[in-house]
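Nothing in this text is a laboratory measurement; each read-out follows from the coordinates by a stated rule. Owing to the predicted nature of the structure, the values given are computational and were not obtained by experimental measurement. Backbone-built Cβ (ideal geometry, glycine too); neighbour counts: all protein chains shown.
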Amino acid sequence: MINSILVLGGGSAGLITALGLRAALPAGVTVTLVRSTRIGAIGVGEGTTVNVPFYLHNHLRMDRAEFFRAVDPSYKRGVRFKNWGPRPHYDYALGRNLSFQLRALPNPAGYYCDKEFTHISPAMSLMEHGRFFLRDAKGGVLDDGVYGYHFENERLVEHLESVAAARGIALIDDEFMSAQTGEGGISLLHFTSGRSMRADLYVDASGFRAELLGAALGEPLESFQSSLFCDSAVVGGWARAGEPVLPYTVAEAMDSGWCWQIEHRNRINRGYVYASSFVTDADAEAEFRRKNPKITQTRIVRFISGARRRSWVKNVVAIGNSCGFVEPLEATALGNICEQTAEIAQCLSDTGRDPRPSAIDAYNGLVWRRWCMIRWFLATHYKCNSRFDTPFWRAARADTDIGEAGLLLRFFEDNGPSMMATGLVPQPIENFGLDGYWIHLVGMKVPYRRTHAPSAAEMQTWNSHRAKMSAMGVNGFAFGEY
Ligand SMILES: Cc1cc2nc3c(=O)[nH]c(=O)nc-3n(C[C@H](O)[C@H](O)[C@H](O)COP(=O)(O)OP(=O)(O)OC[C@H]3O[C@@H](n4cnc5c(N)ncnc54)[C@H](O)[C@@H]3O)c2cc1C
């Protein structure tokens, strides 16, 4: 039975897992976290999916007001894709936005979006008008819960540490050196201070180093490079000087990848994600600076998109970057960490903290499936962007492996954004389900066989729906008004 848990790593993955397991398991189970402040955490500005605020505040019961004081997040309503296909931009709002059909029209919403692709839903209208929240019937904030956060990794980590300490999680500053391994997995960890530690379950949250699952147990990382070519980012930003705070992340296509813009109250954070096989670091940085002349200091971050098919092996479970990583186009990492933490806790609870191989196999299957689902979804963004004629984008269109999303793309080319395709979605979950695919394929204007041309009367009905949405959005709350 698992009575002691040792988490190696104090980035957001290690801290969220320690907090999640502490909250879910009886007080008698010890949770200890060891991290090296010398090595530090990854330290990039982060955007999140909807489940992250929900997990932090509803599952971990982290006080919202305290969180806002300490971390100062801004709300994120979605991602604006700039230069992604022939339109100047399109918005991928969080939640469901395109899978509906007006009663007066013969076809679902996506069929009416050839020309204009704005104000389809209240959330898309909020994004278009730069607003954060709708008004409720009394003129107050309508908190629909369908938002993520933007925050800086350092501030999040600092706050998670203080909550962890207050909840009785021992936090130790030390550097892992080596592990003793045996039949059951890891038997002892040795640290540079001379300390040795033992636990029933080890959580590997050591980031890209993957000290326990990767280095000590030798579990291989499967590369996703045939789908996701990017492996580097040049990261920078500048102090906000009057620019409005946007309610979304910007993902702007670049010559050899794309560039994020993440919003903080006092700072704008940008990063150019690129494929080093298509552009040198110096040329990527030059393009980054040319398009963002206010950038001050920059740094380069390397990564590999890929994951371990088995993230739980014997008495070691990996989470965060040590488990896997896909480039941040849809900002999925923290959302994944929250899901996995909840699943580890569930697995331990349901098995009386004595998980048999069948439970571990089921867990591994679930986690791997989620990685694949994200991989195919992101890959489709690259495959279908017809805007640029650079070597990177030509290769992306020709060679990107979109795996299970291939069936969906073929369906779209034959039939357009029909809701009949639900059964073809690699994994029908919120946002990366059919709604998400159709937003991107309609947004990028992927051509499809036309079987029906909307009449002028149909377009009038459709545009009066859009006008209603626009009126709701423009009446919403701007940054800081709520
Ligand atoms: C360019 C880029 C952009 C990103 N953007 C987003 C985004 O927008 N949204 C999102 O959700 N995610 C994003 N991510 C991913 C996200 O930052 C991470 O997945 C997340 O913060 C979890 O990181 P981690 O805790 O696994 O690793 P880290 O933050 O690297 O933490 C690793 C921890 O392990 C410790 N450690 C390592 N080795 C040792 C050792 N030998 N001994 C002791 N301690 C050790 C370190 O000190 C640290 O505490 C991005 C990542 C990159 C690279």
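Only counting other Cβ atoms within 10 Å, I'd like Thr298, Thr48 sorted with the fewest neighbours first. Don't jump to the answer; show the numbers that get you there.
Values: Thr298 19, Thr48 26.
Lowest to highest Cβ neighbour count: Thr298, Thr48.
For Val301 and Met177 in the same chain, what is the full-extension length gain: residue separation times 0.36 nm, less their Cα-Cα distance, in nm?
Once the chain is fully extended between Val301 and Met177, it gains 42.3 nm.
Per DSSP H run of at least 4 residues, take -39500 (n - 2.57); add these up for the chain, divide by its residues and hand me the 222 nm value, nearest 500 deg cm²/dmol.
The per-residue figure over the chain is -10000 deg cm²/dmol.
Output the pairs from Lys82/Lys383; Lys115/Lys468; Lys76/Lys383; Lys445/Lys468 with a Cα-Cα distance over 21 Å in this structure; if there are none, say none.
Numbers: Lys82/Lys383 16 Å; Lys115/Lys468 18 Å; Lys76/Lys383 26 Å; Lys445/Lys468 24 Å.
Violating the 21 Å limit, Cα to Cα: Lys76/Lys383; Lys445/Lys468.
Taking neighbour Cβ counts within 10 Å as the exposure measure, how do Met127, Met419, Met373 sort from fewest upward? If you can, show how the numbers build up before the last one.
On the way: Met127 29, Met419 16, Met373 21.
Fewest-to-most Cβ neighbours within 10 Å comes out as Met419, Met373, Met127.
So which trypsin sites (Lys or Arg not before Pro) in the range 1-99 end up in coil per DSSP with only 15 or fewer other C-beta atoms within 10 Å?
Details: sites: Arg22, Arg35, Arg38, Arg61, Arg64, Arg69, Lys76, Arg77, Arg80, Lys82, Arg96; in loops: Arg38, Arg61, Arg77, Arg96.
Taking the range 1-99 and a limit of 15 other Cβ atoms within 10 Å, the loop trypsin sites (Lys or Arg not before Pro) found are Arg38, Arg61.
Going by alpha carbons, how many degrees (0 to 90, nearest 10) lie between the helix axis of 434-443 and the longest principal axis of the chain?
Its long axis makes an angle of about 50 degrees.
Loop-only check: which trypsin sites (Lys or Arg not before Pro) in the range 403-482 are DSSP coil with at most 10 other Cβ within 10 angstrom?
Here the sparse-neighbourhood loop sites are Arg449, Arg450.
For the chain, what's the radius of gyration and Dmax over Cα atoms, in angstrom?
Cα only, the chain: 23.0, 78 Å (Rg, Dmax).
How large is ³J(HN,Hα) for each residue in the range 89-102, as worked out from phi by the Karplus curve 6.51 cos²θ - 1.76 cosθ + 1.60 (θ = phi - 60°), to whole Hz, x for Gly and Pro?
7, 9, 10, 9, 6, 5, x, 9, 10, 10, 8, 8, 9, 5
Points 7 angstrom from Cα along the Cβ direction at Arg64 and Ala286: gap in nanometres?
Each label point is offset 7 Å from its Cα along the Cβ direction, giving 4.9 nm.
Among Phe224, Ser125, Ser187, whose Cα projects farthest towards the positive end of the dipole of the chain, with charges put on the beta-carbon of Lys, Arg (+1) and Asp, Glu (-1)?
Checking the options against the dipole of the chain, the answer is Ser125.
Take Leu188, Leu424, Leu33 and order them by how many other Cβ atoms sit within 10 Å, fewest up front.
In order of increasing Cβ crowding within 10 Å: Leu188, Leu424, Leu33.
At Asp361 and Ser187, where each label point lies 7 Å from the Cα along Cα→Cβ, what is the point-to-point distance in nanometres?
Roughly 2.7 nm, to one decimal.
Could you give the angle, 0 to 90 degrees to the nearest 10, between helix 357-383's Cα long axis and the longest principal axis of the Cα atoms of the chain?
Approximately 40 degrees, to the nearest ten.
Hey, what's the Cα Rg ratio for the range 41-141 versus the globular rule of thumb, 2.2 N^0.38 Å?
Dividing the Cα radius of gyration by 2.2 N^0.38 Å gives 1.34.
Provide the per-residue ³J(HN,Hα) series for the range 402-414, in order, calculated from phi with Karplus coefficients 6.51, -1.76, 1.60 and θ = phi - 60°, each as a whole number of Hz, with x at glycine and proline positions.
Calculated HN-Hα couplings, in order: 9, x, 5, 6, x, 4, 5, 5, 5, 4, 4, 4, 7 Hz.
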